[in-house]
Amino acid sequence: MADSSDKINKVSIVISRGSLDGVYPGLIMANGARMEGIEATLFFTFFGLDAIMKKRLKKLQVATVGNPAMHMPTLLGALPGMSAFATSMMKRQMEKLDIPPVDEFLEMIKDAGADLYACRATVEMFGLTKDDFVPQVDAIINVAEFYERSAGAQIIFT
Amino acid sequence: MPTREIAGKQVSLDDDGFLVDATDWSKEVAQVLAQEEGIADLTEGHWKVIEFMRADFAEKGAVPTIRRLNKVGGVPTKELYELFPNGPAKKAARIAGLAKPQGCV
């Protein structure tokens, strides 16, 4: 067991991508941190905002183009329905592992005591307001506030 | 593998302090393990979680996830974190005499 002084006490996780495979790792790590009694902050920026937008969070897709790990030729990945197919496959696998859909996961992470923030620069760039986001989002903050709230935390960029 | 006397009984624990043999578990053992986890007294709320976990493990062979505790066991996630602060799934599993949870959620 690690020495107690080496223990991670706080993490600050940035989610910058809006694909299903771009969003889940950060959510799983934030939830996992809370499960270990580690303080967790989630900061959604750029396309990562899709994960907390009421209109979009249920429509996140797995990227089948420009994703070499899909082991699929680019042209095939670009066929209509290919992304939807890969997305439903992944969702089914996650359900088997008891990993919740994004909306339920956000509720769970919030109930676990994590803080959720949206990036001000992106919100302004896309012309959004707090009403566009799920209620679990605490506030829209700028990068300076992000660093203030991350004091003493390990920052993880995804 | 350390063996210790808990509630008047010799009990084997693994390196993380989880019971090796589930049949060593009793309510008295649970009370001692809870105190070690910083929970002075097991309340009705704690017992609801512990009993669901044990019953679910007996049925499914796996330690239930926090989501399952919520959806099937009827324990709201917020309440679970209040009952077992700083690591609810692991603490509750240990007090319930089950193995350390292996899943990521």
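The values are calculated or read from the model by the stated rules, or taken from the named source; none is laboratory data. Given the structure is predicted, the values throughout are model-derived calculations rather than measurements. All Cβ positions, even for glycine, are placed from backbone atoms using ideal geometry, and neighbour counts span all protein chains on display. With ligands, DNA and RNA removed, areas are computed over all heavy atoms of the protein, side chains included. Shrake-Rupley method; radii C 1.70, N 1.55, O 1.52, S 1.80 Å.
Structure values in brief
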item	result
GNM flexibility winner over chain A from A:VAL62, A:VAL143, A:VAL11 (Cα, springs under 10 Å)	A:VAL143
Neighbourhood charge, 11 Å Cβ-Cβ cut-off, centred on A:SER150 and excluding it, Lys, Arg +1 and Asp, Glu -1	-2
Pairwise centroid distance, computed over Cα atoms, of region A:61-92 with region A:111-158, Å	29 Å
Cα centre as origin, Lys/Arg/Asp/Glu Cβ charges: the protein assembly as shown dipole, Debye	920 debye
Helix axis angle, A:102-111 relative to chain A longest principal axis, alpha carbon, degrees	10 degrees
For peptides A:45-51, B:6-12, sequence by mean Cβ density within 10 Å, most packed first	A:45-51, B:6-12
Beta bridge orientation in chain A: antiparallel %, DSSP, nearest 5	5 percent
Value of relative contact order over region A:20-83, rounded to a whole percent, pairs C-alpha under 8 Å and six or more apart	27 percent
Region A:20-40 versus region B:35-88: alpha-carbon centroid distance in Å	20 Å
Estimated D of the protein assembly as shown in µm² per second, where Rh is the Kirkwood radius over Cα pairs and Stokes-Einstein applies at 25 °C, 0.890 mPa s	121 µm²/s
For chain A, built as a Gaussian network whose Cα springs stay under 10 Å, the top-fluctuating residue of A:PHE44, A:PHE85, A:PHE133	A:PHE85
Chain B: relative contact order as a whole-number percent, Cα under 8 Å and 6+ apart	28 percent
Per residue, in Å², the accessible surface of the protein assembly as shown once ligands and nucleic acids are set aside, probe 1.4 Å	52 Å²
Accessible area buried between chains B and A, both sides summed, probe 1.4 Å, in Å² to nearest 100	1500 Å²
Backbone HN-Hα couplings from phi across region A:149-156 [Karplus 6.51/-1.76/1.60, Hz, Gly and Pro as x]	6, 9, 3, x, 9, 7, 9, 10
Summed side-chain charge close to B:ALA55 - residues other than B:ALA55 whose Cβ falls under 14 Å, Lys, Arg +1, Asp, Glu -1	+1
Theoretical gain in end-to-end length, A:ALA69 to A:ILE156 [0.36 nm per residue, Cα-Cα removed]	29.1 nm
Net charge of neighbours whose Cβ lies under 14 Å from the Cβ of A:ARG17, counting Lys and Arg as +1 and Asp and Glu as -1	-1
